[in-house]
Structures are given as C-alpha cells and as structure tokens.
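The values are calculated or read from the model by the stated rules, or taken from the named source; none is laboratory data. Predicted, not measured: the structure shown is a model, and the values here were computed from it. As a convention, Cβ positions derive from the backbone with ideal geometry for all residues, glycine included, and neighbour counts pool all protein chains shown. The area values use the complete protein model at the heavy-atom level, side chains included, leaving out ligands, DNA and RNA. Shrake-Rupley method; radii C 1.70, N 1.55, O 1.52, S 1.80 Å.
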Amino acid sequence: MAKRTNGSEKNRKEPLAGVARRLWAFSGNECAWGDPHCSTRLVTEEGAWVGKIAHIIGAEPGSARHEAWDGKDVEQLRDFDNLMLLCGVHHDLIDSGVTRHDYTVEYLRAVKLKHEAKYRYTVDDIEAEFRDTVNGSLVRPATTMRRYFAWEGLDLEASD
C-alpha cells in the first residue's frame, strides 16, 4: 500500500474492479474532452495504450479539485463516476497548477457524461440485442450421437 511521508495511507489507488474496463468501453477509443472535441485515439494503431485515467475530484490533498471531496468514502475517489479517460494533453491540462482552477467538478462531470453517452447507448443496445437473441433461443444440448447428427436428414450441411 502506498504511504505518504508521514506514514499515513494514500487515497490514490487503482480504480475499483471493473471500472477501468467500463471507462475504456465507453470511451469509443477517443479522449473524452469535448470543448473543442478531441479526437486523439487512446489506443494507437500500433497498439500502444496512451489514454490516461484522470480523477475528477483529486484523490490526494493539494491535488486538483480535492477540496470538493466530502472526506467520507475514500472508495468514491476511485469509482467510475469520479474517473474519466483522457489523452495525455488533456489529462495534464486539468491537473496543471496553472489551469486546474479553470476546470470545476461540475464541468468535468458534464464533459464525461456527454462523451460517454454516445458509447453507452451503443453498448447498452448491443447487450440488449444479445439478451433478446439468447432469451429467444432454445438450446437443446445433444445427449446422444443420434441427436447430435439429427441435422443429416434436413438438407443441411454440417457447417449449418
């Protein structure tokens, strides 16, 4: 566990289980920045993962927007609603000591929601379509070789 110099435990930890996967799924492989739109790819054609997970409310005292944290649940700092996926330039921009005060918690949450909404809709639709297809299918496992080869008399090819 990471410790501060005074020996206390740091707030900044890896995202909660599954959170990073959700961030990447709802990113559309683009930086979440939207004013103006940033089309920087977060995974390059060569396969390099260059996206950075950014805290909306900073995890550590003195970090950007940390004063907005209520100080109660440290786990909320690494939950999906407090993290967003950005390119390196915008990640550093919102945390820079020079510009961090230009980007409020409310503003960053709005940027995140607007960006992810495009991809959340698509993922939700795919999942719903998959569930509808699976729920509408009756799967009868073959319990005998005769049932396994039952397709033979139906003018079907083995690949069908």
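How about the range 45-75: which trypsin sites (Lys or Arg not before Pro) there are in a DSSP loop, with at most 10 other Cβ atoms within 10 Å of their Cβ? In loop regions of the range 45-75 (DSSP not H, G, I, E or B), the sparsely surrounded trypsin sites (Lys or Arg not before Pro) are K72.
At the residue level, D125 shows approximately 70 square angstrom of accessible surface with a 1.4 angstrom probe and all protein chains present.
Modelled spin-label separation between E45 and Y121, with each label point placed 7 Å from Cα along the Cα-to-Cβ direction: 3.0 nm. Rolled with a 1.4 Å probe across the full set of protein chains, the surface gives D132 an accessible area near 110 Å². Compactness ratio for the range 13-126: Cα radius of gyration over 2.2 N^0.38 Å (N = residue count) comes to 1.03.
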